[in-house]
Amino acid sequence: MDSSDALAAFAALGQPTRLDAFRLLVEAGEEGLPAGEVAQRLGVRHNTLSSNLAILQQARLARSRREGRVIRYFADLDGLGALLGFLLQDCCGGRPELCRPLIEQIAPACPPSPCSAPPEETRP
């Protein structure tokens, strides 16, 4: 990830509806959520949510999969990992052991098994 990719990710997350949608998709995990359910849970109109999810996809923070007439969305954990890696790339001036408390702080929020990307994903 380079600076422009990181800025796109931050811009995508810098809007309340997109941040809430992304957090909801992270919470949903490997199962993801249909777009309609995301809209319902966030209390936003479908067309508004669709635009926001497209921005998250462009920023490589969300993925989607069509299931008949429904589009299911997932958090793009690879994109999130790239963003975190970008932020921590030069952590502690080349002394990664100093970053260990930060890594341990965020590790409990992660599931014990690695999340795999859902099949047949699409990105714009």
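The values are calculated or read from the model by the stated rules, or taken from the named source; none is laboratory data. Note that the structure is a prediction, hence the values are computed from the model and not measured. All Cβ positions, glycine included, derive from the backbone under ideal geometry; neighbour counts span all protein chains shown.
How about region 1-10: which of its residues are more than 13 Å from the chain's Cα centre (by Cα) and either in a helix (DSSP H, G or I) or buried (at least 17 other Cβ atoms within 10 Å of the Cβ) (or both)?
Once the filter is applied, which keeps residues that are more than 13 Å from the chain's Cα centre (by Cα) and either in a helix (DSSP H, G or I) or buried (at least 17 other Cβ atoms within 10 Å of the Cβ) (or both), region 1-10 yields M1, S3, S4, D5, L7.
Collect the residues in region 52-91 that are of a type in the set (S, T, N, Q) and surrounded by 14 or more Cβ atoms within 10 Å (Cβ to Cβ), keeping them in residue-number order.
If the condition is that a residue be of a type in the set (S, T, N, Q) and surrounded by 14 or more Cβ atoms within 10 Å (Cβ to Cβ), then N52, Q57, Q58, S64 are the ones that fit.
Out of contact with any Phe, Trp or Tyr (no Cβ under 9 Å at 6 or more places or on another chain) and buried (at least 19 other Cβ atoms within 10 Å of the Cβ): which single residue out of R41, R18 fits that description?
One residue alone meets the criteria, R18.
Somewhere in region 98-113, is a residue loosely packed, with under 12 Cβ neighbours inside 10 Å, modelled with pLDDT of 75 or more, over 24 Å from L53 (Cα atoms) and touching a Cys at 6+ places or on another chain (Cβ under 6 Å)?
Within region 98-113, one or more residues are loosely packed, with under 12 Cβ neighbours inside 10 Å, modelled with pLDDT of 75 or more, over 24 Å from L53 (Cα atoms) and touching a Cys at 6+ places or on another chain (Cβ under 6 Å).
State the number of residues belonging to region 39-66 that are at pLDDT below 95 and either touching a strand residue (DSSP E or B) at 6+ places or on another chain (Cβ under 9 Å) or among the acidic types (D, E) (or both).
Going through region 39-66 one residue at a time, the tally reaches 1.
Only one of (1) part of a loop (DSSP other than H, G, I, E, B); (2) over 23 Å from L87 (Cβ atoms); (3) hydrophobic (A, V, I, L, M, F, W, C) fails for A54. Which number is that?
In the conditions (1) part of a loop (DSSP other than H, G, I, E, B); (2) over 23 Å from L87 (Cβ atoms); (3) hydrophobic (A, V, I, L, M, F, W, C), A54 misses (1) alone.
Assess whether A21 counts as being within 25 Å of I103 (Cα to Cα), in a helix (DSSP H, G or I), small (G, A, S) and at pLDDT 95 or above.
Spelling it out, A21 is indeed within 25 Å of I103 (Cα to Cα), in a helix (DSSP H, G or I), small (G, A, S) and at pLDDT 95 or above.
Quick check on this structure: which one of G81, G85, G36, G93 is in contact with a strand residue (DSSP E or B) (Cβ under 9 Å, 6 or more places away or on another chain) and assigned to a helix (DSSP H, G or I)?
Checking each option against the conditions leaves just G36.
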